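The block underneath contains the structure these notes are about, expressed in structure tokens.
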Number of protein chains: 2
Amino acid sequence: MDGLAPVRVLRIGHRPGRDERTTTHVGLTARALGADGVVLAGSAADRAETIASVTDRFGGPFAVETTDDPLAYIADADEAVVHLTMYGLPIQDRLPQLRDRHRSDGDSSDGGQSLLVVVGASKVPFEVYERADWNLAVTNQPHSEIAALAVFLDRLYRGEELDREWVDADRAVVPRATGKRVEDR
Amino acid sequence: MDGLAPVRVLRIGHRPGRDERTTTHVGLTARALGADGVVLAGSAADRAETIASVTDRFGGPFAVETTDDPLAYIADADEAVVHLTMYGLPIQDRLPQLRDRHRSDGDSSDGGQSLLVVVGASKVPFEVYERADWNLAVTNQPHSEIAALAVFLDRLYRGEELDREWVDADRAVVPRATGKRVEDR
């Protein structure tokens, strides 16, 4: 989000066919809730196009990338790696420290620590747990990587992401108490 | 959640085949983030079983119901109906008032207003917008009903849901900085 160190979301373990919709949800959630970009496996290239088309219509900036080797991508990341997992440490205990680092003046040109947030679909290899700088749990219950990502981003950004502006949007929803209204821009 | 008026989540528009995984995510997110139960369409009965089996293993209380007519179920609901939709009013503006009603001493035996939270899969019929007491948007951007539900519940419960206790769990995850640990109970 504007004025903060970059946050990108990497989706690991995408299984073509089985995970198409959930991978789309991961990407669109990352975009809507303030992340700067998403990285998908090459096998999810169709999903990348869907997410990019939403950005074309509803605005950005939001970067969509694919990689043929998500594990190598994580291993080589310059950012601090945050892995969201039900086996990790409670987000409510650890996020204040992470958020401070993300926002503090540091060695990043953006004034804080950049983040690569990893969310799995199928079982995540153990090397991701070992590589991650933070293994964080949004509850230690089985639920949804989409939900975990949403809570993480909403808390990381302290809700400020809900008021962000969108650039180069062709259309925008006008909030209504009842019904639907979409305007061309 | 314990000590608060009941909150149930109703999933509308489930398309068999296409929405199996996202409907599961809706149900598990509702459970993990403090709702008291989920209501699914009869066509999602397999998903109801999956969610109930998680409750059997990881604890509750959490109710799973199905209905053959979700629209009639919403029309007849005794609770205040909250519809999460990208076309609605911004959650950051409206949730404080809704949360106060949910928590305040009122006519409910639980001390506040009970809620039925409706989340769609496919296009939601206009009658749901009209029936809803609150049409709320977690951003006016297209993303994910799972993400919207997660942010809504985390804010409704003020994060207290992350520290809730689970009853009758056969197993529980022990939080770890690295790796996985699950204990039988």
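When each of B:45, B:63, B:41, B:52 is tested for being in contact with a His (Cβ under 7 Å, 6 or more places away or on another chain) and closer than 23 Å to residue B:21 by Cβ, the lone residue that passes is B:41. Residues in the stretch A:52-94 that are at the interface with chain B (Cβ under 10 Å from one of its Cβ atoms), more than 19 Å from residue A:124 (Cβ to Cβ) and aliphatic (A, V, I, L, M): 1 in all. Against the definition (more than 10 Å from chain B (Cβ to nearest Cβ), surrounded by 21 or more Cβ atoms within 10 Å (Cβ to Cβ) and at pLDDT 95 or above), how does residue A:138 come out, yes or no? For residue A:138, the condition - more than 10 Å from chain B (Cβ to nearest Cβ), surrounded by 21 or more Cβ atoms within 10 Å (Cβ to Cβ) and at pLDDT 95 or above - is not met. Take the conditions (1) crowded, with 21+ Cβ neighbours inside 10 Å; (2) under 18 Å from residue B:167 (Cβ atoms); residue B:56 misses just one of them, which is (1).
Out of B:64, B:54, one residue alone is under 18 Å from residue B:6 (Cβ atoms) and β-branched (Val, Ile, Thr). It is B:64.
So that you can scan it fast, the table gives a plain yes or no per residue for (1) surrounded by fewer than 18 Cβ atoms within 10 Å (Cβ to Cβ); (2) within 7 Å of another protein chain (Cβ to nearest Cβ):
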position: A:97; (1), (2): yes, no
position: A:104; (1), (2): yes, no
position: A:115; (1), (2): no, no
position: A:142; (1), (2): yes, yes
position: A:165; (1), (2): yes, no
position: A:180; (1), (2): yes, yes
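Of all residue pairs spaced 6 or more apart or on separate chains, none has beta-carbon atoms under 7 Å together with a first member in the stretch A:173-185 that is of a type in the set (D, E, K, R) and a second member that is modelled with pLDDT under 95 and in a loop (DSSP other than H, G, I, E, B).
The values are calculated or read from the model by the stated rules, or taken from the named source; none is laboratory data. Computed from a predicted structure; not experimentally measured. When we count neighbours, we look across all protein chains shown, and the Cβ atoms used for this are built from the backbone with ideal geometry, even at glycine.
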